[in-house]
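Okay, so here's the structure we're looking at.
None of the figures in this text is laboratory data; all of them are computed from the coordinates on show. What you see is a predicted model; the values in this text were computed from it and never measured. Here Cβ is always computed from backbone atoms with ideal geometry, including for glycine, and neighbour counts include all displayed protein chains.
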Amino acid sequence: MRVFNFSPGPAAIPTAVLERVQQEMLDWNHMGMSAIEISHRGRHYLENIFEPAKANLKKLLNIPENYRIFFITGGAQHQFAMIPINFLGVNKSADYLLTGIWSQKAYQEAQRYGDVRIAADNSANKCTTIPEPSTWILNPRAQYLHYVDNETVNGLEFSYIPEAGEVPLAVDMSSNILSRSIDVSRYGLIYAGAQKNIGPAGLTIVIMREDLIKPAELLTPFLYQYKTYADHDSLYNTPNTFAIYLSGLVFEWILAQGGLEKMAELNKRKAKKLYDYIDQADFYTNHVNPRYRSIMNIVFYCPTPELDQLFVEESAKAGLAYLKGHRLVGGLRASIYNAMPEEGVDALLNFMQDFQRKYA
Ligand SMILES: *Cc1c(COP(=O)(O)O)cnc(C)c1O
């Protein structure tokens with residue numbers, strides 16, 4: 001029995017994709033072995049997994065010709081280091097928008113490599129809103145402006161693309177990539193750990209504007225240089241072939257659902273159902289400025305922490321998994337990525353109503 005999995009990550013994978021993997025596990029592509037057991041340099045892998053995965057991602061996000069896609073082993077937090085290591089150097093600085101737990105962590109890591117500056121910080125209002133752009137302190141000579149498009153822990157999401165003039169935007173889209181279409185040409189570098197809205201953990205996708213790919217000025221391991229991934233088409237070392245295979249199947253699945261327009265429509269509807277209910281129920285609360293509420297991670301609170309805890313226990317018994325909020329913010333969190341069907345959200349709504357009736 002599969003449950004509705006509201007985990008923030010590693011998160012639910014579409015059931016149809018898992019069934020396909022199961023079916024192909026012993027004999028992929030008539031090779032008499034699984035996709036995990038084949039060479040990452042052989043034509044079977046390249047022609048049937050690697051190239052289609054890149055092509056389908058390009059199609060989904062409408063990625064322009066002057067961008068490259070890299071498949072990098074590791075998580076989003078590797079990029080917290082990789083970006084400053086590649087972009088900083090003597091007399092070079094970068095700007096960071098601090099809007100929640102993940103952008104704070106990105107900033108802390110970047111600080112170790114050079115001159116990084118805080119352009120804005122919303123910690124004074126508990127990360128519940130995005131500071132007005134007119135208050136940001138932007139350095140026009142920064143190498144990049146870093147921000148996190150969707151703060152997974154805080155449930156806070158940008159509703160627009162920040163404007164930084166000629167300064168390239170470096171954005172962490174780990175928890176909302178592929179949730180809707182985006183204008184890739186507005187970014188210098190987009191990265192996303194796969195385990196939220198793409199596939200298994202251990203793979204990060206980077207989409208980078210070609211002119212930004214340069215040899216790193218700082219001493220940098222080969223595998224931490226974007227140029228290595230560009231020069232070797234993400235095959236300098238053995239990539240996470242299983243995660244790339246499975247992610248490729250997820251890309252195919254999204255295309256079959258109708259692409260990102262369809263995903264966006266469904267995601268908006270799912271999130272609206274939950275927020276509307278939270279707002280009208282005199283029991284649950286959400287503190288995020290409605291303009292910046294995440295459509296992927298819905299954070300909410302019962303009237304007391306004790307009730308939050310009870311909610312977690314009872315919902316798990318009802319087949320609704322991983323609704324506990326992040327330890328740093330408490331409460332509850334429903335992560336409703338692409339793979340969460342609308343029926344899952346409806347089941348959660350029903351549970352929320354029952355729980356309220358019981359304990360209000
Ligand atoms: C989960 C998450 C991360 C951390 O990813 P790891 O793969 O664990 O390094 C970073 N940024 C955001 C926005 C996330 O949601």
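Go through the range 1-12 residue by residue and tally those that are away from the ligand (no atom under 16 Å from the Cβ) and in a loop (DSSP other than H, G, I, E, B).
So the first thing to find is which residues in the range 1-12 are away from the ligand (no atom under 16 Å from the Cβ), and the list is 1-4.
From what's left, in a loop (DSSP other than H, G, I, E, B): 1-3.
So the count comes out to 3.
On the given criteria, is Glu217 outside any loop (DSSP other than H, G, I, E, B) and either small (Gly, Ala, Ser) or surrounded by fewer than 16 Cβ atoms within 10 Å (Cβ to Cβ) (or both)?
no
Which of the residues spanning the range 297-315 are among the aliphatic types (A, V, I, L, M), crowded, with 16+ Cβ neighbours inside 10 Å and out of contact with any strand residue (DSSP E or B) (no Cβ under 6 Å at 6 or more places or on another chain)?
The one that is among the aliphatic types (A, V, I, L, M), crowded, with 16+ Cβ neighbours inside 10 Å and out of contact with any strand residue (DSSP E or B) (no Cβ under 6 Å at 6 or more places or on another chain): Leu307.
Would you point out the residue of the range 33-86, among those that are within 16 Å of the ligand (Cβ to nearest atom) and among the polar types (S, T, N, Q), that is farthest from Ala264 (Cα to Cα)?
The first filter runs over the range 33-86 and keeps only residues within 16 Å of the ligand (Cβ to nearest atom), leaving 70-85.
After this cut, where a residue has to be among the polar types (S, T, N, Q) as well, the list is 73, 77, 79.
Values: Thr73: 28, Gln77: 26, Gln79: 26 Å.
Ranking the qualifying residues of the range 33-86, first place goes to Thr73.
Here are the criteria: (1) surrounded by 21 or more Cβ atoms within 10 Å (Cβ to Cβ); (2) over 24 Å from Tyr160 (Cα atoms). Tell me which single one Ala281 does not satisfy.
Result: Ala281 passes all but (1).
Return the total of residues in the range 220-235 being surrounded by fewer than 14 Cβ atoms within 10 Å (Cβ to Cβ) and assigned to a loop (DSSP other than H, G, I, E, B).
Qualifying residue count for the region: 2.
At least 1 residues that are without any contact (Cβ under 8 Å) to a residue 24 or more places away in the chain and crowded, with 19+ Cβ neighbours inside 10 Å in each: list the strands (runs of 3 or more DSSP E) lying fully within the range 14-127 that qualify. Let's see the steps before the verdict.
Working: elements: 67-73, 93-98, 115-121.
In the range 14-127, the matching strands (runs of 3 or more DSSP E) lie at 115-121.
Tally time: how many residues in the range 104-130 are within 16 Å of the ligand (Cβ to nearest atom), under 29 Å from Asn286 (Cα atoms) and of a type outside the set (Gly, Ala, Ser)?
The number of residues fulfilling the criteria is 7.
Checking Arg327 against (1) over 18 Å from Arg357 (Cβ atoms); (2) part of a helix (DSSP H, G or I); (3) of a type in the set (D, E, K, R): exactly one of these is not met. Which one?
(2)
If a residue must be under 19 Å from Ala347 (Cα atoms) and free of Cβ contacts under 8 Å to residues at least 60 places away in the same chain, how many such residues does the range 286-306 contain?
Result for the range 286-306: 3.
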